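Report on one structure; see the data block that follows.
The values are calculated or read from the model by the stated rules, or taken from the named source; none is laboratory data. Predicted model, so just to flag it, every value in this text is computed and none were measured. Just so you know, the surface numbers come from the protein's heavy atoms only, side chains and all, with ligands and any DNA or RNA stripped out. Shrake-Rupley method; radii C 1.70, N 1.55, O 1.52, S 1.80 Å.
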Amino acid sequence: MPSHKLNYFNLRGRGEIIRLIFAAAGAEFTDNRIEFDQWPALKADAPLGQLPYLTIDDSTHIPQSMAIARYVARETGLAGKNNLQQAQADAIVDTIMEPVNYYWSNIFKIQDANEKAEAFKAFLVDQGAKGAKNVEKLIGLYGSNGYSVGDSLTWADLAVYDVASALLSKHPEFSDKFPVLAAVYKNVLANEKLANYVKNRPETPF
């Protein structure tokens with residue numbers, strides 16, 4: 001496998017799904033965490049002037065978080081066992097990203113704390129709940145034994161885990177409302193390599 005360096009802020013955010021794929025696969029990579037005050041001097045190095053981007057063999061740079069995640073999933077064997085499973089995993093991840101992208105575009109940017117809290121509460125009831133139900137529906141069609149696709153770990157499981165872990169920290173009732181997602185979440189945590197990464201990763205606000 002070629003060498004990989006993930007360039008992203010010292011946050012989970014849009015880079016964490018990529019880190020989770022590397023970790024669950026036990027694949028080596030350089031986790032280049034960039035602080036906000038460092039970014040202006042480094043911005044010109046990024047292909048599109050944004051983070052994350054992946055550096056391959058110190059020469060090729062790939063932007064866009066989901067393109068990177070799909071590439072790493074294929075490289076590490078977590079994309080799905082065949083073309084059909086890969087399409088199913090992609091469908092689940094794309095469905096997850098619909099409410100996630102809405103959150104980053106509309107909720108995250110709100111400055112007033114009270115307004116943001118109210119907007120997030122409405123988001124959970126509307127876009128969040130709808131998205132979770134849609135993902136559970138697809139898992140019911142494609143997965144088994146607590147996995148999103150087939151009967152083994154794919155990056156779709158890690159995408160479920162990434163979002164569910166953020167929600168469960170503040171909304172433990174999530175497990176009762178969406179038991180299929182909760183089962184995937186628990187299954188992912190049973191991956192020893194990933195659990196070790198999560199235990200030791202830097203504490204960040206999001």
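Annotations
- Rg to Rh, two decimals, where the chain supplies the alpha carbon set and Rh follows Kirkwood: 0.96
- More than 23 angstrom apart: percent of Cα pairs within the stretch 83-190: 26 percent
- Each Cα pair of the stretch 27-72 feeds into the Kirkwood radius, which the Stokes-Einstein equation turns, at 4 °C and 1.567 mPa s, into a diffusion coefficient of 114 µm²/s.
- Taking every alpha-carbon pair under 8 Å whose residues sit at least 6 apart, the chain reaches a relative contact order of 22 percent.
- Accessible area (Å², per residue) of the stretch 4-77, counting only protein heavy atoms and a probe of 1.4 Å: 46 Å²
- Hits among lysines - C-alpha to C-alpha of Lys109 under 16 Å, sequence gap 8 or more where chains match: Lys121
- Tyr53 long-range amide H proximity, modeled H, under 5 Å: Asn7
- Relative contact order of the stretch 4-77, pairs being alpha-carbon contacts under 8 Å that are 6 or more residues apart, as %: 40 percent
- Hydrodynamic radius (Kirkwood) for the stretch 5-93, which is based on Cα pairs only, to one decimal in Å: 13.6 Å
- Carbon + sulfur, % of accessible area of the stretch 4-77 - ligands and nucleic acids excluded, 1.4 Å: 46 percent
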